[in-house]
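The values are calculated or read from the model by the stated rules, or taken from the named source; none is laboratory data. Note that this is a predicted model, so its numbers are computed, not measured. As a convention, Cβ positions derive from the backbone with ideal geometry for all residues, glycine included, and neighbour counts pool all protein chains shown.
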Ligand code: ADP
Ligand code: MG
């Protein structure tokens with residue numbers, strides 16, 4: 001079943017078109033990774049899917065709905081940012097429950113979902129701490145926890161690990177892979193790290209100047225890069 005469908009998606013900022021006709025089909029439960037050079041439109045594309053930016057042209061379907069005009073909070077998606085975007089004055093527990101509170105989910109249900117997510121991410125011992133009392137990896141885990149509690153149909157990650165040191169990045173990468181295994185939720189993940197893309201993705205989308213250059217499994221792109229551009233990004237160095 002198709003979960004996310006992009007049909008000739010375009011985004012203009014003023015007169016500059018930065019997303020220039022993207023067609024993409026993402027299946028339910030798939031782990032899709034967007035890669036490409038800085039400025040090629042990865043974050044913008046993710047923000048269009050999440051509803052943080054308005055689509056200039058084309059159609060975006062999530063599940064069986066056309067969502068171009070559906071507000072971010074009602075799209076069934078959750079976004080995890082590189083900067084974590086935690087509220088400094090709220091505890092881990094309240095950071096995780098904040099979105100649910102805004103959506104008027106009753107306190108008891110909120111507590112249940114926060115504990116469940118905390119268990120999944122091994123955050124229980126940290127629930128009463130404030131963000132400043134956490135390491136980078138713990139903060140990123142809280143940011144992921146905050147996404148999980150909303151039971152999204154689609155997770156969107158924008159370079160979630162790029163602020164972490166190399167060792168922690170490897171660790172968090174396997175945690176995200178395990179999370180995907182456990183939840184089987186559709187995930188769309190932006191990274192500029194080739195190894196992250198290769199290890200996490202069912203399908204890699206290579207973007208170049210606002211368009212798709214090639215889509216394929218890590219194996220396909222590595223062994224049969226369609227262009228030199230793709231080869232430079234993920235292909236074998238032959
Ligand atoms: P990436 O995440 O791949 O590095 P972005 O999606 O952030 O790329 O940016 C794609 C292009 O769109 C860049 O040229 C960037 O300068 C431009 N852009 C992004 N956001 C805005 C904005 N709010 N206003 C104008 N231009 C923008
Ligand atoms: Mg970006």
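Overview of values
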read-out: Test for residue 33: is it in contact (Cβ under 8 Å) with a residue 12 or more places away in the chain and surrounded by fewer than 17 Cβ atoms within 10 Å (Cβ to Cβ); value: no
read-out: Unmet criterion (only one of (1) within 16 Å of ligand 1 (Cβ to nearest atom); (2) touching a helix residue (DSSP H, G or I) at 6+ places or on another chain (Cβ under 7 Å); (3) not in a helix (DSSP H, G or I)) for residue 212; value: (2)
read-out: Within region 1-120, strands (runs of 3 or more DSSP E) holding 3 or more residues that are within 16 Å of ligand 1 (Cβ to nearest atom) and more than 23 Å from residue 153 (Cβ to Cβ); value: 2-13, 16-27
read-out: Total residues in region 154-193, condition within 18 Å of residue 41 (Cβ to Cβ) and either free of Cβ contacts under 8 Å to residues at least 60 places away in the same chain or more than 14 Å from the chain's Cα centre (by Cα) (or both); value: 1
read-out: Enumeration of residues in region 215-238 that are in a helix (DSSP H, G or I) and in contact (Cβ under 8 Å) with a residue 40 or more places away in the chain; value: 233
read-out: Restricting region 64-78 to residues that are more than 21 Å from residue 127 (Cα to Cα) and within 17 Å of the chain's Cα centre (by Cα), the residue that is modelled with the lowest pLDDT; value: 73
read-out: Boolean, residue 147 is over 28 Å from residue 230 (Cα atoms), touching a strand residue (DSSP E or B) at 6+ places or on another chain (Cβ under 8 Å) and at pLDDT below 95; value: yes
read-out: Filtered residues of region 164-204 (kept if farther than 22 Å from residue 122 by Cα, touching a helix residue (DSSP H, G or I) at 6+ places or on another chain (Cβ under 7 Å) and assigned to a loop (DSSP other than H, G, I, E, B)); value: 191, 201
read-out: So residue 117, is it modelled with pLDDT under 95 and within 16 Å of ligand 2 (Cβ to nearest atom); value: no
read-out: The listed residue being more than 16 Å from ligand 2 (Cβ to nearest atom), more than 17 Å from residue 215 (Cβ to Cβ) and either crowded, with 21+ Cβ neighbours inside 10 Å or touching a residue at least 12 places away in the same chain (Cβ under 8 Å) (or both), out of 20, 65, 12; value: 12
read-out: Yes/no for residue 159 being within 16 Å of ligand 2 (Cβ to nearest atom), over 22 Å from residue 95 (Cα atoms) and either buried (at least 19 other Cβ atoms within 10 Å of the Cβ) or at pLDDT 95 or above (or both); value: no
